[in-house]
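Trainee: This structure is in structure tokens; I'll ask about it shortly.
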Amino acid sequence: MTDDVLNELFSIRGKTAVITGGTRGIGLMIAEAYVRAGVKVYVSSRKAEVVAETAAALSEFGECIGIPADLSTEAECRRLADEIASREDRLHVLINNAGATWGAPMADHDDAAWDRVLNINVKGVFHLTRFLRPLLDAAATDGDPSRVINIGSIDGIQVPMMETYSYSTAKAGVHQLTRHLASQLAPKITVNAIAPGPFESKMMAATLEAFGDSIAASAPMKRIGKPADMAGIAVYLAGPASTYVTGAIIPVDGGIATTK
């Protein structure tokens, strides 16, 4: 195996990707990595001004376009897919990262806690994948299938320490939906999930502020996740090295969910 072959295994240059929740946290980590790697990236999140700012900042490194959307509704998932279809005739990678969390004692975990989280974390993943499937099918080749990469969580693998009932349930749902879609969409599209542990993000900010040191100390790798950790797995799952991987749930958590 030559050096050129090894380099090609992890090249994603020239691909087109949509990254939801791409303006902060894990989504932004992946978006920046993809833009720097030569991918044409569409980022989306709810706030139009933040989407515009992110697209402008990432455009310093490559091609990045922002399209705001609230993916908690089927109609908005369809609108975003239609907007992408008006600009592109094929799509190589879809990163379903947009999500919400909710922490409250069991007595206060009402319908709002469930509806808000399940609508965007599970239904939004399904609907956007459904509506973008024609573009994903169009980009697939025999040697290089298109990719759907869902962002789950280790809270969908293990019991979380906080009372985030709807969130952990939703992320477990994302993992099972990943397997189901992988079976249905093969061989043209692979579907895998990344299950992150603690990374610095707005969603994790309060938890890390209160418990960050103890979380890092208890992790086998003794630290919180870094942007490069997320970039590495996201590039791998989008590139030639992973064409035979589908239906996998891959924890990226420093061993927290896998060694205890």
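Trainee: Taking region 98-129 as the search range and keeping residues that are of a type in the set (A, V, I, L, M), part of a loop (DSSP other than H, G, I, E, B) and within 16 Å of the chain's Cα centre (by Cα), which one is modelled with the highest pLDDT?
Mentor: Initial filter on region 98-129 (of a type in the set (A, V, I, L, M)): 98, 100, 104, 106-107, 112-113, 117-118, 120, 122, 125, 128.
Checking which are part of a loop (DSSP other than H, G, I, E, B) leaves us with 98, 100, 104.
Subsequent filtering for residues that are within 16 Å of the chain's Cα centre (by Cα) retains 98, 100.
Details: Ala98: 96, Ala100: 91.
Among those that are of a type in the set (A, V, I, L, M), part of a loop (DSSP other than H, G, I, E, B) and within 16 Å of the chain's Cα centre (by Cα), it is Ala98.
Trainee: Hey, another quick one. When you scan region 161-170, do you find a residue that is under 24 Å from Gly239 (Cα atoms) and modelled with pLDDT of 95 or more, even just one?
Mentor: no
Trainee: Is there a residue in region 28-41 that is at pLDDT 95 or above and in contact with an Asp or Glu (Cβ under 6 Å, 6 or more places away or on another chain)?
Mentor: In the first step, residues of region 28-41 are kept if they are at pLDDT 95 or above; the result is 28-41.
Filter again for in contact with an Asp or Glu (Cβ under 6 Å, 6 or more places away or on another chain), leaving 40.
Scanning region 28-41 turns up at least one residue that is at pLDDT 95 or above and in contact with an Asp or Glu (Cβ under 6 Å, 6 or more places away or on another chain).
Trainee: Here's a follow-up. Is it true that some residue in region 63-75 is polar (S, T, N, Q), surrounded by fewer than 23 Cβ atoms within 10 Å (Cβ to Cβ) and over 24 Å from Asn192 (Cβ atoms)? If you could, list the steps in order and put the result at the bottom.
Mentor: Here is the first cut: in region 63-75, the ones polar (S, T, N, Q) are 72-73.
Now narrow it down to the ones that are surrounded by fewer than 23 Cβ atoms within 10 Å (Cβ to Cβ): 72-73.
Now narrow it down to the ones that are over 24 Å from Asn192 (Cβ atoms): 73.
Checking region 63-75: at least one residue is polar (S, T, N, Q), surrounded by fewer than 23 Cβ atoms within 10 Å (Cβ to Cβ) and over 24 Å from Asn192 (Cβ atoms).
Trainee: All but one of (1) modelled with pLDDT of 95 or more; (2) assigned to a helix (DSSP H, G or I); (3) crowded, with 18+ Cβ neighbours inside 10 Å hold for Ala195; state the number of the condition that does not hold.
Mentor: Of (1) modelled with pLDDT of 95 or more; (2) assigned to a helix (DSSP H, G or I); (3) crowded, with 18+ Cβ neighbours inside 10 Å, only one is false for Ala195: (2).
Trainee: Now a separate question. Tell me yes or no: at least one residue of region 130-139 is in a strand (DSSP E or B), touching a helix residue (DSSP H, G or I) at 6+ places or on another chain (Cβ under 6 Å) and at negative phi.
Mentor: If we filter region 130-139 for residues that are in a strand (DSSP E or B), which is where we start, we get none.
No; the residues of region 130-139 include none that is in a strand (DSSP E or B), touching a helix residue (DSSP H, G or I) at 6+ places or on another chain (Cβ under 6 Å) and at negative phi.
Trainee: Given the structure, is Ile95 surrounded by 21 or more Cβ atoms within 10 Å (Cβ to Cβ) and outside any helix (DSSP H, G or I)? Please lay out each step first, then the result.
Mentor: Values: surrounded by 21 or more Cβ atoms within 10 Å (Cβ to Cβ): yes; outside any helix (DSSP H, G or I): yes.
Yes, satisfied.
Trainee: Turning to a different aspect of this structure: For region 72-87, give me each residue that is in a loop (DSSP other than H, G, I, E, B) and either free of Cβ contacts under 8 Å to residues at least 40 places away in the same chain or touching a strand residue (DSSP E or B) at 6+ places or on another chain (Cβ under 6 Å) (or both). Steps first, please.
Mentor: First, the residues of region 72-87 that are in a loop (DSSP other than H, G, I, E, B): 72-73.
Listed by number, the list is empty, since nothing qualifies.
Trainee: Do we have Glu60 as surrounded by fewer than 20 Cβ atoms within 10 Å (Cβ to Cβ) and in a helix (DSSP H, G or I) here?
Mentor: Working: surrounded by fewer than 20 Cβ atoms within 10 Å (Cβ to Cβ): yes; in a helix (DSSP H, G or I): no.
So Glu60 fails the test.
Trainee: Return the residues of region 119-151 that are over 15 Å from Lys188 (Cβ atoms) and surrounded by fewer than 19 Cβ atoms within 10 Å (Cβ to Cβ); say none if nothing qualifies. Spell out how you get there, then give the answer.
Mentor: Residues of region 119-151 that are over 15 Å from Lys188 (Cβ atoms), as a first pass: 119-128, 131, 149-151.
Residues satisfying the conditions are Asn119, Phe126, Phe131.
Trainee: Would you mention how many residues in region 31-51 are under 21 Å from Ala139 (Cβ atoms) and in contact with a strand residue (DSSP E or B) (Cβ under 6 Å, 6 or more places away or on another chain)?
Mentor: Summing the residues that are under 21 Å from Ala139 (Cβ atoms) and in contact with a strand residue (DSSP E or B) (Cβ under 6 Å, 6 or more places away or on another chain) in region 31-51 gives 9.
Trainee: When only residues in region 76-86 that are closer than 16 Å to Gly21 by Cα and of a type in the set (A, V, I, L, M, F, W, C) count, which is surrounded by the fewest Cβ atoms within 10 Å (Cβ to Cβ)?
Mentor: Step by step, filter region 76-86, then rank; the result is Ile84.
Trainee: What pairs come out if I take residues in region 179-200 that are closer than 19 Å to Ala140 by Cβ and pair them with residues that are among the acidic types (Asp, Glu) and surrounded by fewer than 24 Cβ atoms within 10 Å (Cβ to Cβ) whose C-beta lies under 6 Å away, six or more apart or interchain?
Mentor: Here the result reads Lys188/Asp137, each pair linking region 179-200 to a residue that is among the acidic types (Asp, Glu) and surrounded by fewer than 24 Cβ atoms within 10 Å (Cβ to Cβ).
Trainee: Shifting gears a bit: Go through (1) assigned to a loop (DSSP other than H, G, I, E, B); (2) in contact with a Ser or Thr (Cβ under 9 Å, 6 or more places away or on another chain) one by one and return the number of the condition Ile26 breaks.
Mentor: (1)
Trainee: Something else now. Exactly one condition in (1) modelled with pLDDT of 90 or more; (2) not in a loop (DSSP other than H, G, I, E, B) is false for Thr207; which is it?
Mentor: Here Thr207 clears every test but (1).
The values are calculated or read from the model by the stated rules, or taken from the named source; none is laboratory data. These figures come from a predicted structure and were not determined experimentally. Positions of Cβ are generated from backbone atoms using ideal geometry, with glycine treated the same way; all protein chains shown enter the neighbour counts.
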